[in-house]
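Worksheet: one structure, shown below.
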Amino acid sequence: MAATKVRPLIYRPPPRWYFWSALGAALAIHLTAVALAQRREAVAVELPPQPPQVVEATLAPPEATPPPEDIPLPEPPPPPDIKPEFVEERTPPPRPPPSAQQKFTPIKASALSMSQAKALAINAPRPPYPYEARAHHLMGSGVITVNVDPASGNVTDASVTQSIGSPILDDAATSTFRRWKFRPGSVSKVRIPITFTMTGASY
């Protein structure tokens with residue numbers, strides 16, 4: 001066999017493009033890693049909804065407040081001096097005894113005029129003119145006699161002494177004169193002449 005020649009080993013440095021390619025690749029990997037890390041931080045992570053939590057709290061009993069201090073009330077001012085007003089009491093005049101009340105002399109009807117009878121009357125309403133009589137133009141004159149209770153002055157009865165000319169007018173007059181009242185002890189009987197015209201009753 002032929003003997004092979006061993007060449008001596010000589011160190012040769014790598015070419016420059018290999019160094020720059022390795023440096024560029026390292027920088028690219030580093031920048032890519034930084035960009036991915038920032039992107040992951042920017043992405044919001046949505047968590048699944050959690051059920052509401054119930055927190056049990058125990059309230060402490062309120063502290064007992066001390067009773068309020070008794071504050072003395074001011075004494076009320078004394079009442080003003082009010083002078084009593086004296087009211088004069090008027091006593092009614094003494095009534096005569098029953099025996100004296102019955103002793104009177106009533107005026108007779110023949111001696112009493114119509115003006116005097118009106119003056120002695122306490123309540124003397126005027127007879128109304130009935131609508132039916134006015135519708136039929138009923139008019140006339142008559143005389144109504146009233147009997148009076150001397151003790152009370154109330155009219156006990158009224159009768160037609162002379163008809164007015166219509167039962168409607170007679171009833172209107174007698175029913176009204178029964179409501180008359182005279183002064184007690186003044187009259188016992190009164191004759192009242194009355195006339196009905198379209199303007200009403202007059203006496």
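Every read-out reported here was derived from the displayed coordinates using simple, explicitly stated rules and does not represent laboratory data. Computed from a prediction, not measured in an experiment: that's the story for all the values here. With ideal geometry, Cβ positions are generated from the backbone for all residues, glycine too; neighbour counts draw on all protein chains shown.
Structure summary
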| read-out | value |
| --- | --- |
| Test set (1) assigned to a strand (DSSP E or B); (2) free of Cβ contacts under 8 Å to residues at least 60 places away in the same chain; (3) within 15 Å of PRO130 (Cα to Cα); (4) not aliphatic (A, V, I, L, M) - PHE196 fails condition number | (2) |
| Residue within the range 163-182 that is touching a residue at least 60 places away in the same chain (Cβ under 8 Å), crowded, with 16+ Cβ neighbours inside 10 Å and part of a helix (DSSP H, G or I) present | no |
| The range 138-149, residues that are buried (at least 18 other Cβ atoms within 10 Å of the Cβ) and assigned to a loop (DSSP other than H, G, I, E, B) | LEU138 |
